[in-house]
Structure formats: structure tokens, C-alpha cells
1. Please work out which residue is nearest to residue 211 (Cα to Cα), limiting yourself to region 24-39 and to residues that are polar (S, T, N, Q) and touching a residue at least 60 places away in the same chain (Cβ under 8 Å).
2. Name every residue in region 94-134 that is assigned to a loop (DSSP other than H, G, I, E, B), modelled with pLDDT of 85 or more, open to solvent by 40 Å² or more (accessible area, probe 1.4 Å) and not charged (D, E, K, R), in order of residue number.
3. Any chance region 38-45 includes a residue that's in a strand (DSSP E or B) and not basic (Lys, Arg)?
4. Just to be sure I understand, how many residues within region 150-178 are assigned to a helix (DSSP H, G or I) and surrounded by fewer than 24 Cβ atoms within 10 Å (Cβ to Cβ)?
5. I'm trying to understand the selection: among the residues of region 135-149, which are modelled with pLDDT of 90 or more, surrounded by fewer than 19 Cβ atoms within 10 Å (Cβ to Cβ) and in a helix (DSSP H, G or I)?
6. Taking region 150-172 as the search range and keeping residues that are among the small types (Gly, Ala, Ser) and closer than 21 Å to residue 31 by Cα, which one is modelled with the lowest pLDDT?
7. Across region 3-35, what is the number of residues that are touching a Gly at 6+ places or on another chain (Cβ under 7 Å) and within 19 Å of residue 204 (Cα to Cα)?
8. Only one of these is among the small types (Gly, Ala, Ser) and loosely packed, with under 15 Cβ neighbours inside 10 Å: 61, 23. Name it.
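The values are calculated or read from the model by the stated rules, or taken from the named source; none is laboratory data. If you're wondering where the values come from, they're calculated on a predicted model, not measured in any experiment. Here the Cβ is made from the backbone with ideal geometry for all residues, glycine too, and neighbour counts use every protein chain on show. Ligands, DNA and RNA are stripped out before the accessible areas are found, and what is left, the full protein with its side chains, is counted by its heavy atoms. Shrake-Rupley method; radii C 1.70, N 1.55, O 1.52, S 1.80 Å.
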Amino acid sequence: MADPLLTINGVDVFYGPIQALFSVSVTVGEGETVVVLGGNASGKSTTVKTALGLVKPRTGSVTFDGARIDGTPTHDVIGLGFGSIPEGRRVFVEMTVEDNVRLGAYRRRKTAKDLPADLDEVWEMFPRLAERRKQLAGTLSGGEQQMLAMARAFMRRPRLLCIDEPSMGLSPLMVERVYDTLASWQKAGLTMLIVEQNAMMALGLAHRGYVLRQGHVITDGTAAHLLDDEAVRQAYLGG
């Protein structure tokens with residue numbers, strides 16, 4: 001594994017009296033793509049929310065680039081170099097496509113002078129968004145909104161991109177397009193933590209993975225190992 005960029009170490013997370021994570025540990029190395037798999041209520045989304053500071057662990061720690069960040073407000077976590085593509089996309093539906101994309105540059109590490117060139121790169125990467133840049137985001141299809149969420153995250157030029165359920169609610173063709181884009185980012189060296197139910201697509205991209213069940217990590221390993229694991233195949237890959 002590459003040198004750790006993100007380390008979630010032995011975290012217990014609660015929502016009120018309900019425990020969601022039980023001593024969960026996840027590590028993401030610099031330049032790695034790591035996937036967290038699991039069914040509904042497995043704790044996988046809570047894991048990425050813990051990394052982003054949206055929930056605070058009761059015990060355990062979260063470290064980014066060697067510094068403790070558990071307890072750090074989310075806006076400060078983002079300022080450290082995190083990017084996020086949330087579940088359900090959460091674009092600003094009453095703003096234009098271009099304004100949504102430009103919002104991605106808020107608190108980013110690159111300077112303002114780089115913004116025009118980065119916008120040009122986004123339009124080249126997502127030509128359908130370029131055609132619709134003056135449309136309201138709420139008029140886009142679900143797949144186009146997912147592309148918009150990805151474009152917005154790309155504008156941050158993050159050191160670590162956290163992606164929650166990138167294939168949810170999309171057609172098979174759009175899922176393929178999403179993963180093609182993620183693969184191009186991976187090739188460019190972007191570090192990614194992906195939470196996903198579509199295990200086959202995710203493991204086809206990832207270097208390593210973790211499988212959660214009811215808040216516990218039940219197995220982890222390389223993507224190839226998890227693809228060959230009979231229990232994982234039965235539970236997530238249709239046998």
C-alpha cells in the first residue's frame with residue numbers, strides 16, 4: 001500500500017443511542033482508490049461521513065496527511081484538500097450548471113488565476129454539461145446531475161475525493177460513463193474513497209476494499225482478493 005493519506009482507526013460512531021460503526025478502521029494510501037462495500041444500513045456511508053467530519057466518532061481517530069482531524073468542522077476538513085460527491089448528488093437546482101461548477105472552486109487549494117483553464121478542462125471532460133452550462137441544474141436528468149456533481153468536485157482539485165454511491169439511480173450506460181470518468185481520474189493519480197453498493201463496478205476500479213455489515217468490517221483486502229472471496233461473491237456479486 002502507498003503511504004497513508006487518510007487513516008480511520010478503530011472508530012465507534014453513534015446516532016443518539018444507536019451505534020452505527022463498531023471499531024471500524026479504513027486506510028487510504030496516496031494515489032489509491034479504495035472502496036467500502038456493504039448493503040443498506042451497513043455503515044458504509046457513515047464511514048465516509050466520519051472522514052469528512054459530518055459525524056464525530058465517540059472513540060478512535062481520523063488522521064489526514066499525518067494530522068488528527070476527528071472533531072474538525074467539515075468546512076475546515078474540506079479546506080485541507082478533501083472533495084466530496086455526496087449520495088443523491090445534491091446540486092443547487094435553482095442555480096445554473098456553470099454556477100454549480102464554479103462553486104466547486106470555493107476554498108480550493110489552487111489560485112483564482114487557474115479558474116478559467118480549469119473550467120475549460122471541465123467543459124472538455126463533460127461536453128453535455130458544456131452544452132447546458134446556462135441551464136438551471138434542476139432541469140438536468142439524474143445522470144446529468146451526477147456528472148455535474150462530479151464536475152463540481154473536480155473543480156476543487158482535491159487531494160482526496162470521497163464519493164458516496166456514484167451509481168445509485170443511474171442507467172447502466174450512465175454508470176459506465178461515471179466509472180470511465182473515475183478511471184481517468186485514477187490514472188491521473190487522484191486518491192479516492194468510494195462508498196458503493198455496485199460491488200462489481202467498484203472492485204473493477206479499486207485497488208483495495210473493505211466490506212461492512214451492520215457497522216463491522218467483516219473482511220478487507222485487494223480488489224482481486226475480494227472478487228475471489230466466496231462470501232463476498234455470494235453477498236454482493238450474485239454468487
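1. 25
2. Just the residues of region 94-134 that are assigned to a loop (DSSP other than H, G, I, E, B), to begin with: 94-95, 104-111, 126, 132-134.
Subsequent filtering for residues that are modelled with pLDDT of 85 or more retains 94-95, 126, 132-134.
Then keep just the ones that are open to solvent by 40 Å² or more (accessible area, probe 1.4 Å); that gives 94-95, 132-134.
95 - this is the single residue of region 94-134 that is assigned to a loop (DSSP other than H, G, I, E, B), modelled with pLDDT of 85 or more, open to solvent by 40 Å² or more (accessible area, probe 1.4 Å) and not charged (D, E, K, R).
3. No, that holds for no residue.
4. Restricting attention to region 150-178, the residues satisfying the condition of being assigned to a helix (DSSP H, G or I) are 150-154, 172-178.
If we keep only those that are surrounded by fewer than 24 Cβ atoms within 10 Å (Cβ to Cβ) as well, we get 153-154, 172-178.
Counting residues in region 150-178 that are assigned to a helix (DSSP H, G or I) and surrounded by fewer than 24 Cβ atoms within 10 Å (Cβ to Cβ) gives 9.
5. Across region 135-149, the qualifying residue is only 139.
6. Within region 150-172, the subset among the small types (Gly, Ala, Ser) is 151, 153, 167, 169, 171.
So of that shortlist, the ones also closer than 21 Å to residue 31 by Cα come out as 151, 153.
Working: 151: 92, 153: 89.
Looking at residues that are among the small types (Gly, Ala, Ser) and closer than 21 Å to residue 31 by Cα, I get 153.
7. 3
8. Of 61, 23, the one residue that is among the small types (Gly, Ala, Ser) and loosely packed, with under 15 Cβ neighbours inside 10 Å is 23.
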